[in-house]
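Read through the structure below, which is laid out as structure tokens, and then see the notes.
The values are calculated or read from the model by the stated rules, or taken from the named source; none is laboratory data. Quick caveat, the model's predicted, so the values are computed rather than measured. We place every Cβ from the backbone using ideal geometry, glycine too, and count neighbours over all the protein chains shown. Protein only, heavy atoms only, side chains kept; ligands, DNA and RNA dropped before computing areas. Shrake-Rupley method; radii C 1.70, N 1.55, O 1.52, S 1.80 Å.
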Amino acid sequence: MRSIYRYLNPIVHLGESNYSFVFPLIANIVLCVSSEFYAYIIARNPLIIGEYIIFINVAFIIYFSFRDGLRGGYISTLFAICYYFYIIATRHYHGFELSMAVDTTIILGVLYAILASIIGWLKQRIDWLIESSAIEKERLQTIIDQLPVGVIVTDGHGILTQTNKQLNKILGIRMPIGFAIGLDTIPQIKINGSLPIPHQSPLSQALKKGTSIIGREIYYQQVNGNEGKYLQVNSAPIHNKKRRVIAAASIITDITGQKDLERQKDDFLSMASHELKTPLTSLKMFLDLQEKELSSSKSKKAQYFNQRIKDQIHRLSELTNDLLDISRIQTGKLRFKKESFQLSQIVSDTLEGLSGMTRQHELVLRNNFSGQVFADRYRIYQVLVNLISNAIKYSPKGRKIIITLSSQNRHALISVKDYGIGIEKEQQKKIFERLYQVTDRNEKTFPGLGLGLFIAKEIVERHSGKIWVTSEKGKGSTFSFSLPIPHKKG
């Protein structure tokens, strides 16, 4: 019975373009034969047909036009007209009655043809649109199945409409079509160590807020699984022309391997920097003792070599400290000993200590701020040393380096301006990234690992401040950072 119902139901055939010829033909033949049987055998009145056959024919034309397009509609129309002429011929109409019957049949034929054309064309147009949509959906599915990331697509209400094979592989479970993002839950998984809260998922938030959620990292784990995975989730709403959210998509990337590599690298940095610290300390101590012995000697050459060794040890010690700081930053162990102090005082002390670093440059202090900040004195000194040292290094032909102190919007501002080689705009966006170094084919490059500015950025941001750069190629750079000014009590 279910198969018969599906075959007869015209709604089921929407999107199908294999229109039937035999079924409309047989159905209309059966209609005509049944009508004649009813008229002659059951009702025993051949003229009774006219009372209901028009309505039945209209119903057949509508049905077959909607089921089998123009083909079904025209077959029903043709049979209806032929049957009417058959009735006229077999019922022996004469005179005015014959003329009226022929005219009525012709008018009905035209109306039936128009009705069949309209409904049949609409049916075939709908089928074409559905088929095109299905082809596009299949093409899209084929494309997203080849992607190395998991893909989730929902409608505007958060109902899951499409996924790909990679998603099932990443999650280890199959997300069912029809799953309601933000409402339904999957009890066999954990997000960041606890059961997921549906409305807090990135995709749910993207649908609700109408904005993209980029770079959300989560720790995904199956309740019965041994080890979890680190996933990066990017979700974005899809708007129509009226900026209404009509759908949303989410891309899920398994970054567990990347996280493992970062952890191994951080472990290595931590171990290497700690291992380097001990021999460096001992080596520096022996060099200090040797320097005392050489001070009584008249060998200038030995003293010179000893000083050069101390300089290299100092550089190696700074690099080791940077590696230690990077390790502490990555593991969240970078500690601060905050206190209130006069900012201008530490800037002056820093300039005094660095004045012997260069004979070519004049370090100029412009102090327009005499207040205090609440910060880690050593870490702020570390940031200043990095910025001023870079200014000296990257302005080999410059004469002045200007350090400015000021205040704005309850923040102390410190700027270091040089007249050096400058930085390209494209590189300015990346200069505070870890291990990034400014490169220029036309300029001299300077050795280093590109850790200083990354560490400076972390220190400033951990003090609730900001750090930035403004620069013009060939005209110099200005590095600035801000620190909040504490509110006075009382």
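At a 1.4 Å probe radius, carbon and sulfur cover how many percent of the accessible area of segment 371-412?
The C+S portion of the solvent-accessible surface of segment 371-412 is 51 percent.
Before rounding to the nearest 500, sum -39500 (n - 2.57) across all DSSP H runs of length at least 4 in the chain and divide by the residue total; then give [θ] at 222 nm in deg cm²/dmol.
Mean residue ellipticity at 222 nm (helix-derived): -17000 deg cm²/dmol.
Might you tell me the accessible area per residue for segment 320-433, computed with a 1.4 Å probe and given in Å²?
53 Å²
Which distance in Å, rounded to a whole number, links the C-alpha centroids of segment 7-23 and segment 119-157?
21 Å
May I ask you to order 246-259, 13-26 by the average number of other C-beta atoms within 10 Å around their residues, highest value first?
Highest mean packing first, the order is 246-259, 13-26.
Considering only protein heavy atoms and a probe of 1.4 Å, how much of the accessible area of segment 1-126 is carbon and sulfur, as a whole percent?
The value for segment 1-126 is 74 percent carbon and sulfur by accessible area.
Under a crude label model (7 Å from the Cα following the beta-carbon direction), how far is residue 177 from residue 368 in nanometres?
Rounded to a tenth, the inter-label distance reads 6.5 nm.
When Rg is the radius of gyration of the Cα atoms in segment 160-244 and Rh is its Kirkwood radius, what does Rg/Rh come to?
That ratio is 0.97, to two decimals.
Show the residues, 5+ positions off or on another chain, whose built amide H is closer than 5 Å to the amide H of residue 189.
Amide H neighbours of residue 189: 223.
Skipping prolines and chain starts, which residues have an amide H placed within reach, meaning under 5 Å, of the one on residue 407, given they are 5 or more residues away or on another chain?
Answer set, sorted by chain and number: 413.
So how far apart, in nm, are the two label points at residue 52 and residue 92 if each is 7 Å from Cα heading toward Cβ?
A separation of 2.6 nm, rounded to one decimal place.
Residue by residue, what Karplus-based ³J(HN,Hα) values in Hz, rounded to whole numbers, does segment 33-50 have, using 6.51, -1.76 and 1.60 with θ = phi - 60° and x for Gly and Pro?
5, 5, 5, 5, 4, 5, 5, 8, 9, 8, 7, 6, 8, x, 7, 6, 4, x
Quick one: Karplus J couplings for segment 346-351, per residue in order, coefficients 6.51, -1.76, 1.60, θ = phi - 60°, nearest Hz, x for Gly and Pro?
5, 5, 4, 4, 5, 5
I need the phi-derived Karplus couplings for segment 466-479: 6.51 cos²θ - 1.76 cosθ + 1.60, θ = phi - 60°, integer Hz, Gly and Pro marked x.
Each residue of segment 466-479 in turn: 9, 9, 7, 9, 10, 8, 9, 4, x, 10, x, 9, 10, 9 Hz.
Can you flag which of 265/292; 123/169; 259/284; 190/242; 265/397; 259/425 are past 32 Å Cα-Cα?
Too far apart for the 32 Å limit: 265/292; 123/169; 259/284; 190/242; 265/397.
Please compute P(r) over all alpha-carbon pairs of segment 36-83, binned at 5 Å starting from zero, and give each bin as a whole-number percent.
Going from the shortest bin to the longest, the percentages are 5, 23, 23, 19, 14, 10, 5, 0.
Counting only residues 5 or more places away or on other chains, whose amide H sits under 5 Å from the amide H of residue 164 once H atoms are built in the peptide plane?
151
Where does the chain land on Rg(C-alpha)/(2.2 N^0.38 Å)?
Compactness ratio reported: 1.81.
Give me the one-decimal nm value for the distance between modelled label points at residue 406 and residue 243, 7 Å along each residue's Cα-to-Cβ direction.
3.6 nm
DSSP loop (so not H, G, I, E, B), at most 12 other Cβ within 10 Å: list which trypsin sites (Lys or Arg not before Pro) in segment 145-193 pass both filters.
174
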